[in-house]
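What follows is calculated from the coordinates using simple rules that are stated; it is not laboratory data. Small disclaimer: the values here were computed from a predicted structure and weren't measured. Methodologically, a virtual Cβ is constructed for each residue, glycine included, from the backbone with ideal geometry; neighbour enumeration extends over all protein chains shown.
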Amino acid sequence: MPEKISAVELLILVLVGAIIVTAVADRKDMQPALVIVVVALAVSFIPGLPRVELDSEILLTVVLPPLLYTAALGFSIPNFIRNIKPILGLGVAMVVITAFAVGLVASALIPEFTFMLALLLGAIVAPPDAVTAVAVGRKLGLPKRLMAILTGESLVNDAAALSLFAIAIAQIANTHAFIDNPLLLFGYNAILGPVVGVVIGVATLWIRKHMKNPALETVQGFVVPFAAFLAAEHIHASGVLAVVMAGFVVGTGSVRAGYQTRLQERYVWNSVDVLLEAFVFAYIGLQMRFIIDDLREARESLVEIGIASLVVLLVVLFVRPLCVFLMFGRSVVSRRIDRAVQVHVDASPRRAARSPEELLRQPGRFRQWRERIDNRPLTWQESIVVSWTGMRGVVTLAAASGIPVLMDNGEPFPERSAIQAIAFVVAVATILIQSPTLPWLIRRLHLHNEDEERYDAEQTERAERIARVAAELVIRDFVQHPPAGLDAETVEFIRETVARQAQDADEMPDPEAQTARSVAFAALYRSVLQAQRQSLVENRDEGAVEDEAVRAMLERLDLQEAALSARLESRL
């Protein structure tokens, strides 16, 4: 008789299966999240399948922080500030509105639910997981600003939802909260959490500055999201916001790290993302059968909870479009009125660019915060896409699992299985409904337009021009003050080679031994790369060029330096 499969072995099997399904779905050009959930749902009803169950603390402290940290690493602070209005509107206001809307409906629909229990359910199902939406948008080429808004929302909404969740649990279970006043507790979380994240981020950059070892720096990077989350939670602050701010700080300061660290982290964290996302969606699918079994034991009939689940799902699906219209639709109406009375409104206003002469000046002067905020309204097509990106994911899963079994007085937590069942139905249904229809919706709305493509090309050209100007300044200084021991002919040769290399990574000197010329070449070219990176980041921070174009250019520079180092090392 075969031995019983251990929990660890079962989790490994789930992970391996999720990766296989992801690979097949990706190869067939299907949505991995959707396919994984469907397959996991089918597998969960196999007779005799043991239950895969993780403690909510594991989901919150092991799965959530890396996902948030990776998104924050690739999302700059200037980009966050530029889109802060829609990000806070979607990430905070919409979460609160959704939670209270679900609370009102659920408390009226289910007699056993008090308003606080219903609000707890609302807090669990309120935060969308933008992972799938961002992945689909990146693949189909959503406008850059729309991608920034969705990413920023996913970094903020989890903190708002988990704060509401903690407040509701404390009220229901009569537990003693760190701060009894809910508003003060929310403010404490929102302020101290980011402070912890900044401290962890600055400490990380300081350690990396003295480390000078790409492998160790990458390993240290794995510790950052967990350290930020646990440190903040230890002092009752928001671990989510701490992770986000740590990612912002480390991502912004990574330009000063070595190119090997940046390249390693970029691909390592992408792999971690794929791994964790595949596991989370598989876990969601596998839980449904067991949630239903728990509900059968707690209630005589499942019809009431089934109806309530469908109604809550409709509320969740309806509230987001309504809020998006109230937030962004007024601007669309205003533009139509302005056009009717012949008031000129630029359809796609963009931040004014600096002239080439201004690019030659040393940046460093920050504009006022209000001038940095992008006040462009979303188009009606963009508003529709945003309103349909409401798939629920890891936070809903972790919060539902995190409802305590017993209260402080030893009594069972009221309606725990019912809340979990409704939450899981909403999470699975949003994935099954919105995930497959979102790509179709994006294609039908034709969000691509010539103005947007022309603007992206302009930004790419501007980033290249910034890099070119920075290179010319360093090369000119080299020619005016060459290293000792180099004649004029060698200086000219190095100048021409580095100038070509700055444009073409295949140009490379072929020295047989380490000479003064090869040393000067390598030193000059690395100085050029460093100056280019610094100029790009400073111009980005000043708002002179978009973050997407800068990040693409920085990756090109890292790959050029990797090619330079590899070829020089092999030939020297």
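By the rule of a C-alpha distance below 20 Å, with chain neighbours fewer than 8 residues away ignored, the lysines paired with Lys28 are Lys139.
Give the residue list of trypsin sites (Lys or Arg not before Pro) in segment 189-228 that are DSSP loop and have at most 11 other beta-carbon atoms within 10 angstrom.
Numbers: sites: Arg208, Lys209, Lys212; in loops: Lys212.
Filter output for segment 189-228: Lys212.
Calculated FRET efficiency, Phe493 to Arg443, Cβ-Cβ distance, R0 = 41 Å: about 0.20 to the nearest 0.05.
Projected label points at Glu53 and Ile207, each 7 Å from Cα along the beta carbon direction, are separated by 3.6 nanometres.
Computing FRET efficiency as 1/(1 + (r/R0)^6) for Lys139 and Glu458, where r is the C-beta to C-beta distance and R0 is 22 Å, gives about 0.40. Taking 0.36 nm per residue of separation and subtracting the current Cα-Cα distance, fully stretching the chain between Leu13 and Leu559 would add 192.9 nm. Applying both filters, DSSP loop and at most 16 other Cβ atoms within 10 Å, to the chymotrypsin sites (Phe, Trp or Tyr not before Pro) of segment 1-110 gives Phe45.
Label-to-label distance, Glu472 versus Ile46, with points set 7 angstrom from Cα along the beta-carbon direction: 6.5 nm. Once the Cα-Cα distance is subtracted from the 0.36 nm per residue extended length, the Ile433 to Asp29 segment shows a gain of 143.7 nm.
What the phi angles of segment 194-203 give under the Karplus curve with 6.51, -1.76 and 1.60, with θ = phi - 60°, is a coupling list of x, 4, 4, x, 5, 4, 4, x, 5, 4 Hz, glycine and proline written as x.
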